[in-house]
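Right, one structure below, let's go through it.
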Amino acid sequence: MVNNSTVDAAIHTEDLRVERGGRAVLRGLSFDVPRGQVTGLLGPSGCGKSTLMRAIVGVQARCTGVVEVLGQSAGSAALRHRVGYVTQAPSVYPDLSIRQNLRFFAAVLGADQGDVDDAIAKVDLVDYADDLVSRLSGGQEARVSLAVALLGEPELLVLDEPTVGLDPVLRRDLWALFHRLADSGVTVLVSSHVMDEADRCERLLLMRDGVIIADDTPQLLRSSTGADDIEGAFLTLVDLDREASR
Amino acid sequence: MNPRITFAVTGRVLAQLRRDHRTVAMLLFVPCLLLTLLWWIFDGNDLVFNRFGPPMLAMFPFIVMFLVTSVTTLRERSSGTLERLLAMPMGKGDLLVGYALAFGLVALLQAGIAVGLTVGLLGLEVEGSLWILTLVAVLDAVLGTALGLFVSAFASTEFQAVQFMPAIVLPQVLLCGLFVARSAMPGVLEAISDVLPLSYAVDAMREVQVRTDVTGDLVVDLLVVLAFGVGALALGAVTLRRRTA
């Protein structure tokens, strides 16, 4: 029998494992990320969030198990047009201006040059468009990197900690942008180690030590654990897990 | 490969260079400075300058492009932009050829200035065509670019990348026939020099210097240099992995 949620999912994994330097970084993950929603991947630093995102984008070596993205095997050539990816460290050229960076990546993607101005506007950097990236602040540089991922109308955005270190106003604006994108049908997967960003997501994957410990909506996570906030829910789940393994 | 993407890479590398005036100045004028120094230390002894000039014209573009490319590519690998590009519809060939074209253009400029200086002002005697002399210099630069791209895969810091210069370039300088004719070297060394690309680059320069026509030897030398360049680019493509640990 075909499971419909599997077919419709933007991301589908089964028993995904990654080993690095003899250590298991991802320990058998099976989950689905629904299309057209903002899904948060939350967990402490070092729990394997970035490795999972790299596996989804198809740049992580030595993955075993299943990772399907938009109905195709992760990393397949046809997906390179359809997935936008922002690494944790801003991967743009510091010795070029914002506009030069975006023009270059737009040419690589075959995106319209009009997309360049749109992307710059979406991340609120119009006033800095001709400034060198090396002169920008860390937060501005991260937004340039995000703007690159918005080029070429990707169907899936994989964003590794895009809001770290940003001021609260900007953070709110970016989350609003993610939701606008999701409303237009884009699937957005956002990682964060800050638990208070959980309520901005429609769905949550809580991760700890290479394992998904919860996969639910923020409301259901709170009600099922009886916690006031997601940090509380996270702690309850970890405690339950410890008791179970005793 | 896709020409739109290849040329986008070339344009981007040149745009980065244009912003970096110091590097451009070093690329274009340091070889001239060194050639002038060479001419000066032989103090008007044209015979010696004519012996050492052509190998130098082959060596400078090779060395300079090797250094610039290995550091630039390493930066691309370590900054995350390479990972991002390879997650996009970027062919490995697009990236490598895009780089080679950009630095090839710079090499054309560099070689043009260096040839103009040595032949026009310093009195280097060349029987063959100056165009061919420049072509040889450009091919040497492309060879340096290709080798630089290749070795950048084996360095994890810019410091290490620079160390490849003495490790990979200097032995070729010693064995290319500059100090001792290759035929006069111990057999083992001559055999080694036969498989090093710079030897053929220097031979080609000398051939242009003494022969007015394009000889079969010259064509063979140029093809060997070109083959090494293409080979190094192909090996460089192998070192670009879409999936990394």
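The values are calculated or read from the model by the stated rules, or taken from the named source; none is laboratory data. Quick caveat, the model's predicted, so the values are computed rather than measured. We place every Cβ from the backbone using ideal geometry, glycine too, and count neighbours over all the protein chains shown. Please note that ligands, DNA and RNA were not included when accessible areas were found on the heavy atoms of the full protein model with its side chains. Shrake-Rupley method; radii C 1.70, N 1.55, O 1.52, S 1.80 Å.
Of all residues in the range A:98-116, which are more than 9 Å from every other protein chain (Cβ to nearest Cβ), in contact (Cβ under 8 Å) with a residue 12 or more places away in the chain and of a type outside the set (A, V, I, L, M, F, W, C)?
Hits for the range A:98-116 are A:Arg99, A:Asp115.
Give, as residue ranges, the strands (runs of 3 or more DSSP E) completely inside the range A:155-238 that count at least 2 residues that are open to solvent by less than 30 Å² (accessible area, probe 1.4 Å), touching a residue at least 12 places away in the same chain (Cβ under 8 Å) and assigned by TED's automatic domain parsing to the domain that holds A:Glu68.
Values: elements: A:156-160, A:187-192, A:203-208, A:211-216.
By residue number, A:156-160, A:187-192, A:203-208.
Taking into account only those residues within the range B:2-30 that are of a type in the set (Gly, Ala, Ser) and surrounded by 15 or more Cβ atoms within 10 Å (Cβ to Cβ), which is nearest to A:Arg80 (Cα to Cα)?
Only one residue tops the list, namely B:Ala8.
From the set of residues in the range A:138-166 that are modelled with pLDDT under 90 and over 14 Å from the mean Cα position of the chain (by Cα), which is farthest from A:Pro34 (Cα to Cα)?
Across the range A:138-166, the extreme among qualifying residues is A:Gly138.
Looking only at residues that are part of a loop (DSSP other than H, G, I, E, B) and not charged (D, E, K, R) in the range A:104-132, which one is surrounded by the fewest Cβ atoms within 10 Å (Cβ to Cβ)?
A:Gln113
Regarding the range A:13-29, can at least one residue be identified that is under 18 Å from the mean Cα position of the chain (by Cα), loosely packed, with under 14 Cβ neighbours inside 10 Å, at positive phi and more than 14 Å from chain B (Cβ to nearest Cβ)?
No - not one qualifying residue is present in the range A:13-29.
Here's a check for you: in the range A:51-86, which residue that is of a type in the set (A, V, I, L, M, F, W, C) and assigned to a strand (DSSP E or B) is surrounded by the fewest Cβ atoms within 10 Å (Cβ to Cβ)?
Only one residue fits best here, namely A:Val66.
What about A:Ala89, is it at pLDDT below 90, facing chain B (nearest Cβ under 7 Å) and surrounded by fewer than 22 Cβ atoms within 10 Å (Cβ to Cβ)?
yes
Please state which one of B:Leu222, B:Leu196 is in contact (Cβ under 8 Å) with a residue 12 or more places away in the chain and under 19 Å from B:Val180 (Cα atoms).
Working: B:Leu222 fails: under 19 Å from B:Val180 (Cα atoms).
One residue alone meets the criteria, B:Leu196.
Exactly one condition in (1) open to solvent by less than 10 Å² (accessible area, probe 1.4 Å); (2) in contact with a strand residue (DSSP E or B) (Cβ under 6 Å, 6 or more places away or on another chain); (3) closer than 18 Å to A:Pro162 by Cα is false for A:Val33; which is it?
Answer for A:Val33: the failing condition is (3).
Please pick out the residue among A:Leu136, A:Leu132, A:Leu125 that is within 12 Å of another protein chain (Cβ to nearest Cβ), without any contact (Cβ under 8 Å) to a residue 60 or more places away in the chain, over 27 Å from B:Met1 (Cβ atoms) and not β-branched (Val, Ile, Thr). Spell out how you get there, then give the answer.
Numbers: A:Leu136 fails: within 12 Å of another protein chain (Cβ to nearest Cβ); A:Leu125 fails: within 12 Å of another protein chain (Cβ to nearest Cβ).
Result of the check over A:Leu136, A:Leu132, A:Leu125: A:Leu132.
Return a yes/no flag: does the range A:55-76 have any residue that is out of contact with any Ser or Thr (no Cβ under 6 Å at 6 or more places or on another chain), over 19 Å from A:Arg35 (Cβ atoms) and without any contact (Cβ under 8 Å) to a residue 12 or more places away in the chain.
no
Does B:Thr157 count as open to solvent by 40 Å² or more (accessible area, probe 1.4 Å) and closer than 25 Å to A:Ser91 by Cα?
For B:Thr157, the condition - open to solvent by 40 Å² or more (accessible area, probe 1.4 Å) and closer than 25 Å to A:Ser91 by Cα - is met.
Kindly check whether there is at least one residue in the range A:87-102 that is assigned to a strand (DSSP E or B) and within 19 Å of the chain's Cα centre (by Cα). I'd like the intermediate steps shown before the answer.
Initially, the range A:87-102 is screened for residues assigned to a strand (DSSP E or B), giving A:97.
Those left that are additionally within 19 Å of the chain's Cα centre (by Cα): none.
Looking for residues that are assigned to a strand (DSSP E or B) and within 19 Å of the chain's Cα centre (by Cα), one finds none in the range A:87-102, hence no.
Output the residues belonging to the range B:78-123 that are more than 10 Å from chain A (Cβ to nearest Cβ), over 21 Å from the mean Cα position of the chain (by Cα) and open to solvent by less than 30 Å² (accessible area, probe 1.4 Å).
Answer for the range B:78-123, where residues must be more than 10 Å from chain A (Cβ to nearest Cβ), over 21 Å from the mean Cα position of the chain (by Cα) and open to solvent by less than 30 Å² (accessible area, probe 1.4 Å): just B:Leu122.
Which condition number in (1) open to solvent by less than 20 Å² (accessible area, probe 1.4 Å); (2) of a type outside the set (Ser, Thr, Tyr); (3) closer than 22 Å to B:Arg19 by Cα is the one that A:Leu146 fails?
Single failed check for A:Leu146: (3).
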